[in-house]
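Colleague: I have a structure here, written as structure tokens, and I will follow up with some questions on it.
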Amino acid sequence: MTARSFMDLALKQAQIAETRGEVPIGCVIVQNGAVIAQAGNRTLADRDPTAHAEMVAIRAAATALGSERLVDCDLYVTLEPCTMCAAAISFARIRRLYYGAADPKGGAVDSGVRFFAAPTCHHAPDVYPSVGETEAASLLTNFFKARR
């Protein structure tokens with residue numbers, strides 16, 4: 001599968017999250033070409049402000065692999081990660097991060113605090129922005145437009 005194919009799976013998770021009334025963000029974690037975890041946002045369903053798609057998927061991947069270190073894993077997410085998720089990606093030692101839409105307000109990778117560029121960041125993944133950007137941005141724009 002290609003980066004775009006894995007992002008398509010993340011977009012599907014975002015759509016599933018949206019059907020539950022969640023902000024449509026999806027995440028897939030891949031190791032050696034195989035999906036080991038996938039999730040959409042669950043903050044409302046779980047009543048948990050940390051249940052972002054990335055956090056849920058990282059927890060599932062760590063459980064599946066029996067390790068808190070996901071060194072050979074790549075993470076695909078539909079929106080640029082926030083500071084909390086960027087820190088979790090770093091702590092998990094994710095190898096590569098692919099994200100869809102940029103998040104100028106809440107993002108922490110190429111926007112905002114730029115977590116991975118901070119001198120206190122212990123591990124920075126290789127970052128590939130704008131994979132599936134149009135579809136990811138459209139999902140979010142339509143979601144919020146319907147609520148305003």
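Colleague: Å³ per residue of the Cα convex hull, for the chain?
Modeller: 98
Colleague: For the stretch 93-133, with equal point scatterers placed on the C-alpha atoms only and solvent neglected, what are the log10 I(q)/I(0) values from the Debye formula at q = 0.19, 0.23, 0.32 1/Å, to two decimals?
Modeller: With no solvent term, the Cα-only Debye profile gives -0.55, -0.79, -1.15.
Colleague: Can you tell me the accessible area per residue over the chain, all protein chains present, probe 1.4 angstrom, in square angstrom?
Modeller: Accessible area per residue: 49 Å².
Colleague: Another question, then. Sticking with the crude label model, points 7 Å out along Cα→Cβ, report the distance from residue 105 to residue 148 in nm, one decimal please.
Modeller: Taking the simple label geometry, residue 105 and residue 148 are separated by 0.8 nm.
Colleague: Dipole of the stretch 1-112, Cα-centred, from +1 at each Lys and Arg C-beta and -1 at each Asp and Glu C-beta, to the nearest 20 debye?
Modeller: Roughly 140 debye for the stretch 1-112.
Colleague: Students sometimes get this wrong: rank 55, 1, 7, 84 by accessible area, probe 1.4 Å, all chains present, largest first.
Modeller: Largest to smallest exposure gives the sequence 1, 84, 55, 7.
Colleague: With each label point set 7 Å from Cα along the Cα-Cβ vector, what nm distance links residue 2 and residue 124?
Modeller: My value for the distance between the label points is 2.8 nm.
Colleague: Continuing with the same structure: So, counting K/R as plus one and D/E as minus one, what does the shell of residues with Cβ under 13 Å around residue 111 add up to? If you can, show how the numbers build up before the last one.
Modeller: On the way: positive: 105, 114; negative: 80, 103, 110.
Residues close to residue 111 contribute a combined charge of -1.
Colleague: Now a separate question. When only the heavy atoms of the protein chains count and the probe is 1.4 Å, how do 4, 93 rank by accessible area, highest first?
Modeller: So, going from the largest accessible area down, we get 4, 93.
Colleague: Pull up the DSSP beta bridges for the chain and report the antiparallel fraction as a percent, rounded to 5.
Modeller: Around 60 percent of the beta bridges assigned by DSSP in the chain are antiparallel ones.
Colleague: Running a GNM on the chain with Cα contacts under 10 Å, which residue among 106, 66, 33 ends up with the highest mean-square fluctuation?
Modeller: Ranking 106, 66, 33 by mean-square fluctuation puts 66 first.
Colleague: Taking 8 Å as the Cα distance limit and 6 or more residues as the minimum spacing, I'd like the relative contact order of the stretch 1-72 as a percentage.
Modeller: Computed value for the stretch 1-72: 23 percent relative contact order.
Colleague: Let me ask something additional. Going by the alpha-carbon gyration tensor, a ≥ b ≥ c the square roots of its eigenvalues, is the stretch 1-80 rounded (a/c under 1.5) or, if a/c is not under 1.5, prolate (a/b greater than b/c) versus oblate? Walk me through the intermediate numbers first.
Modeller: On the way: a/c = 2.47, a/b = 1.28, b/c = 1.92.
Since a/c reaches 1.5 but b/c is at least a/b, the shape of the stretch 1-80 is classed as oblate.
Colleague: When the solvent-accessible surface of protein heavy atoms is calculated with a 1.4 angstrom probe, in what order do 128, 99 fall, highest first?
Modeller: Values: 128 90, 99 5 Å².
Ranked list, largest accessible area first: 128, 99.
Colleague: Given charges of +1 on the Cβ of Lys and Arg and -1 on the Cβ of Asp and Glu, with all other atoms neutral, how large is the dipole of the stretch 1-61 about its Cα centre, in debye to the nearest 20?
Modeller: Once rounded to the nearest 20, the dipole reads 80 debye.
Colleague: Let me ask something else. Accessible area of the stretch 1-145 with a 1.4 Å probe: how many percent of it is carbon plus sulfur?
Modeller: 53
The values are calculated or read from the model by the stated rules, or taken from the named source; none is laboratory data. As the structure is a prediction and not an experimental result, all values here were calculated from the model. Every residue, glycine among them, receives a Cβ derived from its backbone with ideal geometry; neighbour counts consider all protein chains shown. Please note that ligands, DNA and RNA were not included when accessible areas were found on the heavy atoms of the full protein model with its side chains. Shrake-Rupley method; radii C 1.70, N 1.55, O 1.52, S 1.80 Å.
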